[in-house]
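This report concerns only the one structure given below.
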Amino acid sequence: MKNCLVFGKNGLIGKSIVGSLKRTHQSVFSNPKIDWGNKELVAGQIRDSVAGFFDGTNDENWVIFWFAGKGGFSVPQEQFDFDEVNFRCFLEAVEEHMKDSGLVVLSSSAGALYSSNSDLTFDETSSINPNSSYGKMKMRQEAALSSFATRTGCPSLITRISTVYGPGSDFRSGYGLINHLCLADITRSPLEIFVPMETSRNYIYSEDAGELVVRFALSFNGNENKLQIRNIVAPSSVSVAEIVSTCSKIFKRKVVFSNRIDNRQDSYNTRFDIKTLFLSDVQQIYWTPISVGIARVRHALNLQLQSVGLDEYSNQEV
């Protein structure tokens, strides 16, 4: 049994990680709630959580998952700076309080890091080339973790996650297309799609992503390399056209949309194929069909809209 601490446990993937850990009978530390909106308190709360965790952890059988932060392609630079400061504070706290080496797991972004005009399939050996503020922030976080692993000898795992979707995701923070399609159907509002319909991405359901992160973490073998990278991806990519068609079948009516291509497509490669070289290292998982995932997203969003109303979600586009 592993002693585990999850930062960002209320986020889309964090919730799935906690669920997967509990299903496999790991011990999940109940750290006090962190007030991520209060920049004056967060650093102290992070340090207190780390210190409290290690007070009850007496051996190397521990794993800490850092899945905190609100970074994404559409957030301001101030948020990136805040996320980066928090992560460095976290690493400093771990280095100060850990008794023996365990495992630190970082949430990173495949889409933000593997930015390229290449038509090749990306894997863990591919070079990174971030061209956005978000990608550059993630690159710096990975570099900070690498320095931490070298300096302390503590095994560390970078998980580069492809496009995640699932119930409870916030489409205003970069989880766009599927949420927007569901919203357009519920409200019967037309949706504008600004990239070509053949544009493809690797969409992974949030529970599958959390499950895969946990399996890679629990099977981590740091005897050779203290720092390792794993891509958290679905078996294949799907195009915008395929997603729209699937939505129409699920909704039992055509999705109302217009395909208006503008200069924003310049930051989106038409194809983005990514895989992991290490899937055979973990027990095979059940992949949630995208039709099932979309149906769950629509159901959850419908309940959410009934609760908070529609005004907050008007005038959206992807």
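The values are calculated or read from the model by the stated rules, or taken from the named source; none is laboratory data. Nothing here was measured: the structure is a model prediction, and the numbers come from that model. Cβ coordinates were reconstructed from backbone atoms using ideal geometry, including for glycine residues, and neighbour counts include every protein chain displayed.
Among the residues of region 133-143, is there at least one that is in contact with a Lys or Arg (Cβ under 6 Å, 6 or more places away or on another chain) and either closer than 16 Å to Thr276 by Cα or not β-branched (Val, Ile, Thr) (or both)? Quick ask: steps written out before the conclusion?
Here is the first cut: in region 133-143, the ones in contact with a Lys or Arg (Cβ under 6 Å, 6 or more places away or on another chain) are none.
No: region 133-143 contains no residue that is in contact with a Lys or Arg (Cβ under 6 Å, 6 or more places away or on another chain) and either closer than 16 Å to Thr276 by Cα or not β-branched (Val, Ile, Thr) (or both).
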>> Can you go through Thr121, Thr57 and tell me which one is assigned by TED's automatic domain parsing to the domain that holds Gly37, of a type outside the set (A, V, I, L, M) and over 25 Å from Ser30 (Cα atoms)?
In response: Thr121
>> Six or more apart or on different chains, Cβ atoms under 8 Å: show the pairs whose first residue is in region 16-29 and within 26 Å of Gly293 (Cα to Cα) and whose second is among the polar types (S, T, N, Q).
In response: Ser16/Ser206
>> If I filter region 166-179 for residues that are touching a Lys or Arg at 6+ places or on another chain (Cβ under 8 Å), within 17 Å of Ser108 (Cβ to Cβ) and in contact (Cβ under 8 Å) with a residue 24 or more places away in the chain, do I get at least one hit?
In response: yes
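Does any residue of region 43-57 turn out to be over 26 Å from Gly102 (Cβ atoms) and of a type in the set (Ser, Thr, Tyr)? Before the answer, list the steps.
Kept after step one, since they are over 26 Å from Gly102 (Cβ atoms), are these residues of region 43-57: none.
Within region 43-57 (the criterion being over 26 Å from Gly102 (Cβ atoms) and of a type in the set (Ser, Thr, Tyr)), the answer is no, since none of the residues qualifies.
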>> Filter region 279-296 down to the residues that are modelled with pLDDT under 95, of a type outside the set (Val, Ile, Thr) and in a loop (DSSP other than H, G, I, E, B) and list them by number.
In response: Gln283, Gln284, Tyr286
> In region 40-51, is there at least one residue being of a type outside the set (A, V, I, L, M), over 23 Å from Asn3 (Cα atoms), at pLDDT below 95 and crowded, with 16+ Cβ neighbours inside 10 Å?
Replying inline: no
>> Val63 - would you say it is surrounded by 13 or more Cβ atoms within 10 Å (Cβ to Cβ), in a strand (DSSP E or B) and either more than 19 Å from the chain's Cα centre (by Cα) or assigned by TED's automatic domain parsing to the domain that holds Leu12 (or both)?
In response: yes
> For Val104, all conditions in the list (1) touching a Gly at 6+ places or on another chain (Cβ under 7 Å); (2) in contact (Cβ under 8 Å) with a residue 40 or more places away in the chain hold save one; what is the number of the exception?
Replying inline: (1)
